[in-house]
Amino acid sequence: MNDESQNKMGSPTPEELRQQVERTRDELGQTVEALAGKADVKAQAKEKTAAAKKQAAEKTAELKEQAAEKTAAAKEQAAEKATAVKEQAAEKSAELKEQAAEKSAELKEQAAEKTAAVKEQAAAATAQIREKTAQAAQAVKDKTPEPVQEKTAQAATQVRESAARAGQFAVDRTPDPLLEKADRVAKAARANRTPLLAGGAVLVAFLLIRRGRGRNK
């Protein structure tokens with residue numbers, strides 16, 4: 001066989017070899033590009049994962065900071081509210097105390113006014129009683145004859161002497177607690193002794209006049 005037939009049968013021509021090299025080069029380039037693309041995808045995935053983690057960490061830190069700020073604000077508001085409530089309670093308590101003090105002072109003043117009015121009325125009534133008693137005694141005295149007045153005076157003296165002796169006898173035989181009570185009663189009686197004496201004088205004079213009239217009959 002000649003050279004041309006050998007080339008056709010088994011050995012490639014230079015042109016065919018060149019074409020094969022070009023095809024192989026293209027295939028290798030495609031393979032390298034594919035491998036580079038795959039490597040780039042993995043790198044991008046890693047970058048995306050790292051970025052996502054970073055964003056998640058930043059978001060978590062931001063949320064924690066916001067939560068801390070909200071908690072601090074809530075605590076501050078609660079403290080301010082508690083302080084305001086305490087101040088209001090203190091003001092209300094002071095107001096109630098002031099009102100109670102004013103009411104107490106008002107009641108005391110009213111009680112003092114009523115006591116003064118009662119004392120004044122009692123003094124006026126006592127003065128009227130004394131005046132009427134004195135007038136009655138004077139009227140009895142004016143209508144009573146002198147002999148009867150003398151007898152009345154003698155009877156009053158005898159009554160006082162008898163009362164003094166009886167009083168001394170009672171004092172000698174009375175226990176101390178009863179003496180103290182009697183002393184208080186005596187002081188009260190001395191405070192109104194003028195009406196009592198005048199009344200006693202009127203009574204004695206009336207009895208003597210009645211006795212004298214009975215004798216005249």
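The values are calculated or read from the model by the stated rules, or taken from the named source; none is laboratory data. Note that this is a predicted model, so its numbers are computed, not measured. Heads up, the Cβs are rebuilt from the backbone with ideal geometry, glycines too, and the neighbour counts pull from every protein chain shown. Keep in mind that these areas ignore ligands, DNA and RNA; they rest on the heavy atoms of the full protein, side chains included. Shrake-Rupley method; radii C 1.70, N 1.55, O 1.52, S 1.80 Å.
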remark   = Residue span Lys108 to Arg23: 0.36 nm per residue of separation minus Cα-Cα distance leaves a gain in nm of 18.2 nm
inquiry  = Report the gain in length on full extension from Ala94 to Gln128: 0.36 nm times residue separation, minus Cα-Cα distance, nm rounded to one decimal.
reply    = 7.2 nm
key: Residue-normalised accessible area of segment 64-137, given per residue in Å² at a 1.4 Å probe   = 85 Å²
ask   = Using θ = phi - 60° and the Karplus form 6.51 cos²θ - 1.76 cosθ + 1.60, what ³J(HN,Hα) does each residue of segment 75-86 get, whole Hz, x for Gly and Pro?
value = 4, 5, 5, 5, 5, 4, 5, 4, 4, 5, 5, 4
note = So Ala136 and Gln168, fully extended at 0.36 nm per residue minus their Cα-Cα distance, gain in nm 8.3 nm
remark   = Rounded to the nearest 0.05, FRET efficiency between Thr157 and Val118 (Cβ-Cβ, R0 35 Å) equals 0.35
